[in-house]
Each structure stands twice: as C-alpha cells, then as structure tokens.
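Since every read-out is calculated from the coordinates, none of them should be taken as a lab result. Since we're looking at a predicted model, the values are computed, not measured. We place every Cβ from the backbone using ideal geometry, glycine too, and count neighbours over all the protein chains shown.
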Amino acid sequence: MRGFSGFLAYRLFRTLVALWLVSTVVFVVMRLSGDPVPLLLPPDAPISEMERVRHDLGLDRSLAVQYGVFLGNVIHGDFGRSIHFRQPAMAVARSYLEATFELGLVAFTIALVVAFPLGVISAVKRNSFLDHAAMGLALVGQSAPTFFIGILLILTLSLRLDLFPTSGRGDWRNLVLPALTLGAFTMASIARITRSAVLEVLRADFVRTARAKGVTELWVVAKHTLRNAALPILTITGLQFGTLLGGAVVTETVFAWPGIGRLAIQSIYNRDYPVVQSTVFIAAVLFIAINLVLDVLYGILDPRARA
Amino acid sequence: MLDQGRQADPPTVEALLNAFERGAVSRRDFFRRAGLLGLTVAGASALADAAAPARASAQTTQKRELVIAQGGDISKFDPHFSTSSNDIRVSFNIFDNLTSRHPDQKLYPALATEWKATGPTTWTFKLRQGVKWHNGDPFTSADAKFSLERTFDPAAKTMVATVFTTIDRIEAPDPYTLVIQTKKSDPLLPDRLAFYGGQIVPKKYVEAVGPDAFNDKPVGTGPIRLASWTKDDKAVLEAFGDYWGGKIDVDRILWRPIPETAPRVAALLKGEVDAITQLPSDHWDRVNQNATTRGAGALYAGLYVLGINAKVTPLNNELVRKAMALAVDREAIVKEMYGGRGVVPNGPIAQGDRFYDASLPPLRYDPKEARELVKKSGYKGEPIVIETTIGYVAQDKAMSEAIVGMWKDVGLTGAAVEVVEYSVRAEKNRNRTFKGLWWSDPTSTLRDPDGMMWRLLAPNGPQDYFRDPEWDELGNAARFSLDEKFRGEAYRKMTKIMLDKAFGWVIIMQPYEDYGLQKFVDFTPNPNQQFEVRRFNLKLRRA
C-alpha cells in the first residue's frame, strides 16, 4: 500500500509535469498569436523602429532560443519582464492576487452561506412556493450573463438606491456588488446541487428508518444527509473554482476590480507574453492545489475514494 | 422681449425647476418665468428655497482631492516610453515640456520662456529660471539637452525616437539657454516640443537611478508628483508645492481606471468621481440632465478616417474611391450615431489646425453621382472589406456597418465588414496587409498638416499605399519652409489633389471628445487629449 506520503509524492510529480505542459503551451500559443511591438509604439512609427524594438526585447530570436532562455529563467523563478509595464512580470502578477483572493473568497462564502441552506430548505419543503421561487432565481443566476447581472446591480442597488459604491476597491461596501455578481452562478449551482443531493438522500432507506423511529425532521436532515450531500458539493466546488477564475475577468472589468483575471485578459490584448505566462502559471498552481486539497478531503469523507 | 440667443422658456413648472436646480436658469429668471407660468411670488419663492441646497451644493465644494476616472489604466510613468492616451494624460502633468499647447490650441511658454529662429536651421530657447525638480534639484539647460537627446539615443531605446528626427545637434551654452540645430529648416520645432516626447526629464536623477527606477519613482517639474500606484486600482498624485506655475487648486489627484462605460458614468452621476474621460455620445444627455454634473467637450484635434489600401483591387480604381467618398452620408452619421457631437470635415486638415480653410464646403454626399461613377468605373462586384475593430475608434463597428450599407446602395455590392481584434489591426498596420479599409483616428500632433496628413501618408510613412509625385513634392517643400504663405498654398493644393484623386483616406468626421464633470469642477478639455490640471485650466468652485 502506497501510503499518504507516496500519494503526495506522486501528485507532486504530476503537478510539475502539468505546470511544465501548461507553460509550454502558453509560450507557443502567445508567440504565434501576434506581436506586441506595434502596440508599444505610436501608430505612425516606421518599420525600422519596430524592428529595433523587437530586437531590444529579444523577440527576433528563433522560437527555440526564446524557449530555452525562458525555461532557464523559470527554473530560477524569473518569469521575465513585463513588456507593457517594464517591471518584473511575476511581481506584477502577484500584486493583483490579493484583490482576486479577497473577491473570490467573499463571493464563494456568500454563495455557500446563501445557497446551501436555500437548497436544503427547498428540498425539505419540496414544491412549496419557496422551493419554486428559489429554483427560479437559481435558473436566472445560472443563465444571466455576469456582465448583465453586474450592470443591473450597479444601476439598481448603487445608482438608484444608493446602498453601495458603483465600482472600485475600498472597504467592505465595495465588496458586496462584485461578490454577488461573481458568486451568482456558483450560488445557483450550489443551490440546485444541494437540493438534488438532499432530495436523493431523503428518499434513502436509512432516513425512512430514522423517521419511523420518530426522530425529528430537522435532526434527520442535519445528521444523516448533509455528510452524504457534501460529496457532490465538494465536486462542484472544485469545478466552480475554475469558473470563478474565468468569471472574475468580467466581474473585475465591470467593477474596475484590480484582480488577476483583468490582468490576464489585458495582457493577452497587449501581447504581454511574460505577464500572461505568469498569470497562467499562478492560475495553474492554484487550480492544482485546490484539486489536491479536494482529493484529500474526498479521501477523508468517503472511504470508497481512497482506493 | 425675448433674447434670441437664450434657451426657449421651459414649458412646465417642473421643467423650470429642473433647469433652476441645474443652474441653467438664474434666480431672477426663475421668478420671471415662474410668474409667466402662473405661480404666485410666494409659491415661486417656496420652490426656489427648496431647490437652493441642491443648487448650491451642486455648484461648490470644499474638497481638497480630485478623483478622475479614465477608460484604461496607466502603464508607465516614464514619458519617453509610452504614447498611450491613458499615460500621457498623467505624464503631461508630472512633467513639463519646453513649450505648452493650452486648450485654446496656442503655444505658450512652459520650461522655455522665449524662443526664436535665430538662423535658417537654428532655434534658440531661453529657459525658465528658478524651476525645481520634485526632488529639489534645480532645472537647467543640461536637463533639457539630456532629455531631448535621450528620445533618439539608441542606447535609451525609447518609444518616441522618431519625434525629433529633424534635430541635428543640441547645445547648452549656459544654464538657461538652449540652442537647437536642425538638419534642414524646421518651422515646426516649437510645435514638436509641445507634444509627446517633449516632456523634460532630469539628467542627474535618471543617470543616477537608471530607467527602471525612474519609471517606478518618476521625478518631474510638473504640478503633481507620484505618491503611490496600485495597478488597475488607483494612482495617487500629490500637488507639488513648489511648482513654478503655482500650486494647483487641490492637494491630491486620484486617477482611477474604470474600463466599462456604464459604471464610469454611474460613478460620475453618484459623485464618486469628479471627472471622467471618454464620455460616449449616448450618455451625453444623461450627464447634462443630472443636477450635479455636466458634459464638456472639445473638438478632437484629428479626424476619424478609413485608411485605404490602394494597392488592392478595386481600391486601386480612382473612380471607385471617389464613389466611396461621395456615397457616405456623413451628416447622418454625426446626427444619428453621435447625437450631433461632431462635425463634417471639409478635407484632410482638421478644424483648429493651421491652414484649415473654412471657405471649403463640407465633404459632399451625392449618392446619384456616386452611382454613376460606379457604373463608369467598370466595377464588377469585387470585395471591398472594412476590417474594423470594436471600440478602438468610438462606434467603429456601427459606423462600418452603416457605411457598407451606403456603399451597397450605390452599387458597390462587394462591400463588407469584418471584425478584427485591436492587436491584429496593429500587426496588419505594421505589415501593410489590410484587405481594404481600416479605421484610423490620426491626431494632429502639431496642429499643422505636416503633423497629420504628411506624417501618415508621406513616402515610407505608416500609411504609404499610394503616391502622387506632385503631392509628395509639395509636402516635402512645405515642411521645411519658413514662409507661411508658401506653406498655406502648398497644403491647399495637396488637399485638392487628395480629394480629386480620393487617395489615402475616406474622411468620415471630426468628433467631439467629451468629458463628464461635477459642476464644481471648472475645467476646459484640450483637443489633443492632454488632461490639463494646472492652475490656469483647472479650479474647483468653492463656497
């Protein structure tokens, strides 16, 4: 039997391979997608100027040479210099992380705190008005575009009702609207998954037995079902993390939130290869780490998954 | 008796009250018109008093901090490494130039107090004394010489290396005199010094800390200096107390990027920001109708044009090009798509530029003649493609679709729109691989046709797709001539050639660049996109 440390070592090895693959793909795709130099110079700059700047940035060397230099630097933790900012690329990317974490964590927490009880109640009080209302809202949350939800919240809760600021980062009030916008899809998904999971478990034999024994409804739900419903919810958490990263781009743009999603998309438009590389690397590391934690949690919660 | 120049009297009490709250109607006028609408003095008085706080608070402030929101964030503070409008709005305030173009578009002394052409290829500048850098060092001619030479120094690798290509040699015979020798006569040197590339940087400090540290902690002579910057969040700039032009009217300016239009306008309407740039025409009324805000615009120092790749068929056919120009209903575009926030040009020289000829009529719309030209041209339905961006030029995609419709109406059945991403456009621009037409918003950097028409369409220039020998000869002669009359005549002829042969650009319109402001901000926009915060242009109305 491999044991826990064997398990970790194997995962670490897979992580390194994944990171290397991701970095290489991004490297090649970015350099094939276009040239950052025309974006740096005024539009009337002559071709000779563009050639000179390409050379100064080392972009006129062959792809293989550039890749070799890149790998060599990455091993030392050097992701190169941002073409757009003229500052170290990884430092630029890291400076955006705090804002993204703040928003992502708050969005996810709100989503969980609101959606989980809502899902449970909807399942327990199936086909009631509350159930239908909650599931209707969930449908909207999953189908309405993030952009639309964000602007709508700004126009109603901020402009019309003056409850929150319109955009930007500041104190807790600045977090509410972007967190609601970012978390809308997750909230909806968790509510629906929770409801289904709870419904399924409620039908199970051991629950009928507990009911027959006279245990109260709430206690039945709490003790016997939640642990089992937790598994599907964990799965969705891992998947939602990816969506949160992607949805963050739109939310961050609408609310002028200085997060890494916005940096990533701007860097792609600017063809700022080193920063794109850095943001993708960070996202890959985070994604892999979250999934590792989830796998460990699975192992704890469900002995069947430890095989 | 009604004044002809005044707004028509508001038809209802409510409209009158709105106008009064906005400050569009004076208190005296309010009473007069209220009386005409049937209100008693007591009634009008009660209404006026109720409106007074909103009116007063909208008009004045005690703020010591100004918050400005623009559509994109700053990328660099070193003025020689970026020409992006999001950067130059700030860098023109951290740094001074030798000459300064104010919103009235005239050149004023800045770090140079006087300048004269002291020879056919010599300009002599007297420099301002007593100017301090943000770090306390004194400004001298050594800084000016270093700064200008830095722009074209190959070792410095700046992004503005082509701005001062007319300069041969710079001398600093004493601390407050600068002598610039040009390769040929350059009547436009003072104009060149006023725009990007001409921001003056400190020799001692830059040489001591190097370009990277200079970019992180810039030092200039301008009215504001950098206190802190969080990317994509905000940049905090403090007023420089020792500024030679007088400390600005606030203690601090915050620059915030709000890329989406709706939140940016919302922030202004709510009072979270005091000024916004890039106010699209469809929000103009909203900002003006709001009690506490107003729109302010300047006619952009440039044009919106479609560049023509005259090397591809059928754009190499002069009759086809002329038909394309005649088929565009520019007035409709300005009226319907921009709510009137623009003018129809009369040629390739922008209104406000030197040698703009007001006697020329606006570019003609004549679909009938266009149709005839299409028939005469032998056009066989070949594709005429506009490769448009989305949002690079305001409403570019919508304009493209409208214009293609207009071309199809006159028989150019192959007209079509394709969307490309901005960086793809930049690459096609560099490689000259456009399929047909593309959007360009050339800025008249010198407020002179040399800085726009010539800069872009000259031989080996960035939009060199067509050559006319007479046009080239005139352009070359005009740029090096010190004779105003000769220059004027040359550009007049060049305009005629350009319009007769319909090469270079399909000229569409000259837009207003609009800003949104809180009413207590007294500020005049500058047609060349510099956001001028110095005392002579920016003040807050205080109670």
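Listing for the model above:
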quantity: Residue-averaged beta-carbon neighbours from other chains (10 angstrom radius) around A:53-64; calculated: 1
quantity: Gain in span if fully extended, residue A:142 to residue A:91, counting 0.36 nm per residue against the direct Cα distance; calculated: 14.9 nm
quantity: Reciprocal of mean inverse Cα separation for segment B:257-395 (Kirkwood radius, Å); calculated: 18.0 Å
quantity: Chain lengthening between residue B:467 and residue B:156 when straightened (0.36 nm per residue, less Cα-Cα); calculated: 108.5 nm
quantity: Using a Förster distance of 56 Å, the FRET efficiency for residue B:59-residue B:149 (Cβ separation, nearest 0.05); calculated: 0.70
quantity: Spatially proximal lysines relative to residue B:322 (Cα-Cα < 17 Å; intrachain offsets below 8 disregarded); calculated: B:311, B:368, B:375, B:376, B:380, B:408, B:496, B:501
quantity: Pair residue A:28, residue B:14: separation of 7 Å Cα→Cβ label points (nm); calculated: 6.6 nm
quantity: Other protein chain Cβ atoms within 10 Å, averaged over every residue that makes up B:259-269; calculated: 6
quantity: Of B:398, B:543, B:202, farthest towards positive along the dipole that unit charges on Lys, Arg, Asp, Glu beta carbons give chain B; calculated: B:543
quantity: Per-residue average of Cβ from other chains inside 10 Å of B:230-241; calculated: 4
quantity: Anisotropy class of the protein assembly as shown from Cα gyration tensor, a/c 1.5 cut; calculated: prolate
quantity: 17 Å reach of a label modelled at residue B:286, 7 Å along Cα-to-Cβ, counting backbone N of segment B:504-526; calculated: B:514-518
quantity: Protection proxy ranking, peptides B:484-490, A:82-88, average beta carbon neighbours within 10 Å, highest first; calculated: A:82-88, B:484-490
quantity: Computed [θ] at 222 nm, helices only, for chain B once each DSSP H run of length n ≥ 4 contributes -39500 (n - 2.57); calculated: -9500 deg cm²/dmol
quantity: Sites residue B:117 and residue B:216 - FRET efficiency at Förster radius 41 Å, r taken between beta-carbons, to 0.05; calculated: 0.55
quantity: Protection proxy ranking, peptides B:256-265, A:40-49, average beta carbon neighbours within 10 Å, highest first; calculated: B:256-265, A:40-49
quantity: Shape call, segment B:378-526: gyration tensor on alpha carbons, a/c limit 1.5; calculated: oblate
quantity: In nm, spacing of pseudo-spin labels at residue B:171 and residue B:40 (7 Å Cα→C-beta vector); calculated: 8.5 nm
quantity: Kyte-Doolittle at least 1.6, axis length at least 30 Å by Cα - qualifying DSSP helices, chain A; calculated: A:97-124, A:273-301
quantity: Global geometry of chain B, whether rounded, prolate or oblate, following the gyration tensor of its Cα atoms and the 1.5 cut on a/c; calculated: oblate
quantity: Share of pairwise Cα separations in chain A, more than 23 Å, in percent; calculated: 66 percent
quantity: Over segment B:148-188, relative contact order from alpha-carbon pairs under 8 Å, at least 6 apart, %; calculated: 27 percent
quantity: Length added when fully stretched, residue B:460-residue B:398, from 0.36 nm per residue minus Cα-Cα; calculated: 19.2 nm
quantity: Sorted peptide list for B:267-275, A:8-16, B:363-371, A:106-114, criterion being average Cβ within 10 angstrom, highest first; calculated: B:267-275, A:106-114, B:363-371, A:8-16
quantity: Taking chain B and dividing mean pair separation by its residue count, relative contact order in percent (alpha carbons under 8 Å, at least six apart); calculated: 19 percent
